[in-house]
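Taking it in order: structure first as structure tokens, then the write-up.
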Amino acid sequence: MKLDRRKFLKIGAVAGGTAACSVASPVMARDEREPDPNWYGMLNDSTRCIGCKACQVACKKENKLPTESTLGDDKAFGEAIYDSPRELSEHTYTLIKMHQDENQQATYVKEQCMHCVDPACQSACIVGALTKEADGSVKYDAGLCMGCRYCMVACPFSVPQFDWFKAIPSIKKCTLCSETRLSKGQPTACSTACPAGAITFGKREDLLKIARKRIEAEPERYLDHIYGEKEIGGTNVFYLTKPKVAFASLGLQDFDYKAVSGLTESIQHRIFQYFIPPIAVYSILGGIMAYNQRRKKEAGKLGGDDEY
Ligand code: SF4
Ligand code: SF4
Ligand code: SF4
């Protein structure tokens, strides 16, 4: 029987439904985690960013990542303009995107791992390859990873990328410079490189104080909201925006304040408790990914095709 995409999805949906029904009791989310005051993070102030991409370059240098033009076959990595990637990839852990409003006013936003307080990627990983570290970073251990990519579908920000081009593929994402710099008492490479003071590195609690002070001092400059303070249970990377530029228009989705990781973790545990087959796992988690992608697309549609 020829299995086209529609049939495949249908079978997946049925298998997912069967799997969900086979679970004897409802999946309950565990309690949410609380942030640690000693965790580090970054405050990305989009009102200060001038779009120079010095942070992006510094990240590549810090992590010894190739520029797009040195990769040889551009087609394999999506169309690149000059040396600038269009999306996060296994070669690009952070990315500056330009979003324009209806008056052609530009706002620049830095994409990267949010180092969530209660990371969905961690809770989705059944072998413990992703961990929340004492410094606040979310660390990936390639030695433990079995390549299932559940973390990719679970991440609400679509951050983890899969490196297909290595003999042993692995997940790639921003490390918060944990091992290369934080462990030596140094701030992140991207925050150090920024000439506009748009990236502030520090402890999570201090960053929230700094952000609040900025909003209070210049209410005409800032929207009265710190993105990441509460969204999705809180993150260690925060964002500020202009009063008339909604976070959703910058690709930062309008999430609930509740973490999804408790639910992801409960689903994973239940799946393995009842030995639900992999197709059902992918159906359930694929649904989560499709939902995340659709929300991201909708959130960014005001910005249009505006990366450069
Ligand atoms: S942004 Fe995604 S990859 Fe980063 S910690 Fe949160 S869930 Fe994990
Ligand atoms: S914290 Fe480090 S790894 Fe993350 S975006 Fe900045 S330079 Fe790159
Ligand atoms: S270095 Fe600073 S000003 Fe330049 S793009 Fe990055 S955040 Fe924006």
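Residue selection: S191 fails the criterion of being among the small types (G, A, S) and over 25 Å from L250 (Cα atoms).
Here's the yes/no breakdown for (1) farther than 20 Å from E34 by Cα; (2) of a type in the set (K, R); (3) within 16 Å of ligand 1 (Cβ to nearest atom); (4) touching a Leu at 6+ places or on another chain (Cβ under 6 Å):
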site: V117; (1), (2), (3), (4): no, no, yes, no
site: D135; (1), (2), (3), (4): no, no, yes, yes
site: D141; (1), (2), (3), (4): yes, no, yes, no
site: K173; (1), (2), (3), (4): yes, yes, yes, no
site: Q186; (1), (2), (3), (4): yes, no, no, no
site: A189; (1), (2), (3), (4): yes, no, no, no
site: R204; (1), (2), (3), (4): no, yes, yes, no
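Residue-by-condition table, conditions (1) more than 30 Å from W164 (Cβ to Cβ); (2) surrounded by fewer than 17 Cβ atoms within 10 Å (Cβ to Cβ); (3) at pLDDT 85 or above:
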site	(1), (2), (3)
A13	no, yes, no
C21	yes, yes, no
C49	yes, no, yes
N63	no, no, yes
G72	no, yes, no
L88	no, no, yes
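A count restricted to the range 106-128 and to residues that are within 25 Å of E229 (Cβ to Cβ), among the aliphatic types (A, V, I, L, M) and not in a strand (DSSP E or B) stands at 4.
Remark: pairs (first residue in the range 94-105, more than 15 Å from C190 (Cβ to Cβ) and in a loop (DSSP other than H, G, I, E, B); second residue among the small types (G, A, S) and away from ligand 1 (no atom under 16 Å from the Cβ); Cβ separation under 9 Å; 6+ apart in sequence or on different chains) = D101/S249; D101/G303.
The values are calculated or read from the model by the stated rules, or taken from the named source; none is laboratory data. What you see is a predicted model, and the numbers here were worked out from it, not measured in a lab. Reconstructed Cβ throughout: ideal geometry from the backbone, glycine too, with neighbour counts over all protein chains shown.
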